[in-house]
1. Restricting attention to segment 164-191, report how many residues are within 20 Å of E368 (Cβ to Cβ), away from ligand 1 (no atom under 16 Å from the Cβ) and part of a helix (DSSP H, G or I).
2. Condition check: within 16 Å of ligand 2 (Cβ to nearest atom), closer than 19 Å to E335 by Cβ and not in a loop (DSSP other than H, G, I, E, B). Does I151 satisfy that?
3. Among residues belonging to segment 217-247 that are assigned to a helix (DSSP H, G or I) and touching a residue at least 40 places away in the same chain (Cβ under 8 Å), point out the one that is nearest to M171 (Cα to Cα).
4. Tell me the residue from V152, V105, V87 that is at pLDDT 95 or above, closer than 25 Å to V7 by Cα and more than 13 Å from the chain's Cα centre (by Cα), please.
5. Which one is farthest from ligand 1 (Cβ to nearest atom), of the residues in segment 192-214 that are among the hydrophobic types (A, V, I, L, M, F, W, C) and farther than 21 Å from L268 by Cα?
6. Condition (residue is among the hydrophobic types (A, V, I, L, M, F, W, C) and within 14 Å of ligand 2 (Cβ to nearest atom)) applied to segment 154-168: is it met by at least one residue?
7. Of the residues L24, L101, only one is assigned to a helix (DSSP H, G or I) and either within 11 Å of ligand 1 (Cβ to nearest atom) or surrounded by fewer than 20 Cβ atoms within 10 Å (Cβ to Cβ) (or both); which?
8. Might you let me know whether segment 378-389 holds any residue that is more than 18 Å from N199 (Cα to Cα) and either assigned to a helix (DSSP H, G or I) or at pLDDT below 95 (or both)?
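The values are calculated or read from the model by the stated rules, or taken from the named source; none is laboratory data. Not measured: the values here are computed from a predicted model. So basically every Cβ, Gly included, is an ideal-geometry build from the backbone, and we count neighbours across all protein chains shown.
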Amino acid sequence: MKKFSVVVAGGGSTFTPGIVLMLLANQQRFPLRAIKFYDNDGARQEIVAEACKVILKEQAPEIEFSYTTDPKVAFTDVDFVMAHIRVGKYPMREKDEKIPLRHGVVGQETCGPGGIAYGMRSIGGVLEIVDYMEKYSPNAWMLNYSNPAAIVAEATRRLRPHSKILNICDMPIGIEGRMAQIAGLKSRKEMRVRYYGLNHFGWWTSIEDLQGNDLMPKIREHVAKHGYVPPTDEPGVEASWNDTFAKAKDVWALDPSTFPNTYLKYYLYPDYVVAHANPEHTRANEVMEHREKHVFSSCAAITQAGKSSAGELEIDEHASYIVDLATAIAFNTQERMLLIVPNQGAINNFDPEAMVEIPCLVGSKGPEPLTVGKIPLFQHGLMSQQVAVEKLVVEAWVEKSYLKLWQAITLSKTVPSASVAKAILDDLVEANKDYWPELK
Ligand code: NAD
Ligand code: G6P
Ligand code: MN
């Protein structure tokens with residue numbers, strides 16, 4: 001069996017250990033000859049990499065492992081780039097969340113003005129990685145988790161249309177895991193779903209078991225009462241995420257024939273979201289206090305002790321999805337997966353040039369999107385507005401246009417007026433001057 005070489009871009013990410021553990025757990029179906037890490041913050045990456053070195057030595061000493069900040073070393077002789085960079089890291093995420101909140105607007109990592117600000121930082125960082133890959137390993141595929149995936153996907157569609165890059169999101173599979181539990185199944189892989197939308201902006205229209213039985217009525221009964229909070233509590237789910245899963249009940253009520261992505265709460269209930277936010281302590285603070293601290297202290301403990309049992313690093317669903325995708329491409333499995341791809345008629349009454357999140361069959365030539373058909377007016381209206389926001393952000397980045405970015409923020413459903421949009425934008429320009437192109 002062929003063995004593959006993978007570079008993880010954003011080696012210092014909190015998700016890197018989970019991906020390494022998942023890769024190791026899947027050596028039977030996706031065998032590796034090399035794993036490399038690449039990051040532009042050498043000190044941060046080193047902490048994660050040294051712990052992973054210990055884990056690899058214990059579990060798979062035959063896999064060659066290295067880490068570097070040198071793009072040539074990182075991207076030479078690789079088959080897959082698994083990317084999850086965060087340009088500006090958590091301190092900038094904190095600003096993305098707190099600046100809009102100061103103006104009474106949703107402050108969120110990927111939605112609304114915060115997501116737009118993050119997009120303006122990510123585009124350049126992700127394109128740089130695509131270009132390194134094409135320069136040093138032109139046959140490789142880039143599997144990209146880096147957010148905001150909707151804006152990043154639009155940027156790569158427009159600016160690198162022929163590149164082998166696939167943008168993905170773990171939110172649908174996270175929700176599907178909960179739906180499977182509600183339906184009494186062991187795994188989301190026992191379900192076959194139909195779903196359409198934009199990234200962090202979509203709806204399930206059908207959920208069946210593998211025999212073709214409709215699971216929607218059973219799931220609906222539960223969601224109407226509890227949203228996506230499953231019947232038996234999942235240990236370790238943080239309160240803020242639990243609120244989001246519970247709020248899905250109210251998001252669902254707007255179209256009870258479908259099931260919504262949880263992220264729609266930011267667009268449909270922004271007043272509720274703002275009223276329940278603490279402008280002094282947002283999700284970025286929670287992540288820095290919990291996940292980041294946990295991962296980095298576990299890594300340090302593992303390195304110090306020289307054994308993996310000294311830390312508590314976990315494998316997760318997030319990582320399994322990227323391994324599934326790599327396997328589908330590597331072995332032409334034709335697995336059905338939700339990916340962010342150019343619409344090109346799949347949703348036949350929607351912009352063919354929009355990047356949409358829909359089921360695709362995945363093989364060695366990449367994704368083959370399945371037809372969705374015609375979507376209803378409610379979803380069509382929401383998606384048209386949001387896709388225009390995403391396209392305007394990319395145009396603003398390309399043209400260095402203040403005006404287009406103001407239009408983008410104004411058009412976001414989370415923002416009440418052009419004057420509020422302008423006030424937020426002016427604060428974001430100031431906060432992002434080390435990252436954004438200088439706007440004209
Ligand atoms: P993190 O800050 O812990 O890790 C990001 C790493 O990227 C850091 O080590 C940073 O130094 C590095 N980095 C930043 N800019 C870079 C550049 N230009 N080149 C190389 N490396 C660079 O963040 P995290 O919370 O672990 O998340 C990582 C990314 O994964 C984020 O973009 C996050 O939004 C994304 N994510 C996406 C999904 C999804 O559904 N698509 C799910 C989870 C996380
Ligand atoms: C989900 C989404 C990601 C997002 C993440 C944020 O997994 O699909 O796109 O980055 O949530 O989670 P966090 O724990 O960092 O707030
Ligand atoms: Mn996502």
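1. Of the residues in segment 164-191, 1 are within 20 Å of E368 (Cβ to Cβ), away from ligand 1 (no atom under 16 Å from the Cβ) and part of a helix (DSSP H, G or I).
2. no
3. Ranking the qualifying residues of segment 217-247, first place goes to F245.
4. From the options V152, V105, V87, the qualifying one is V87.
5. Checked segment 192-214; the qualifying residue farthest from ligand 1 (Cβ to nearest atom) is L210.
6. Within segment 154-168 (the criterion being among the hydrophobic types (A, V, I, L, M, F, W, C) and within 14 Å of ligand 2 (Cβ to nearest atom)), the answer is yes, since at least one residue qualifies.
7. None of the other options fit; the residue is L24.
8. No, every residue in segment 378-389 fails to be more than 18 Å from N199 (Cα to Cα) and either assigned to a helix (DSSP H, G or I) or at pLDDT below 95 (or both).
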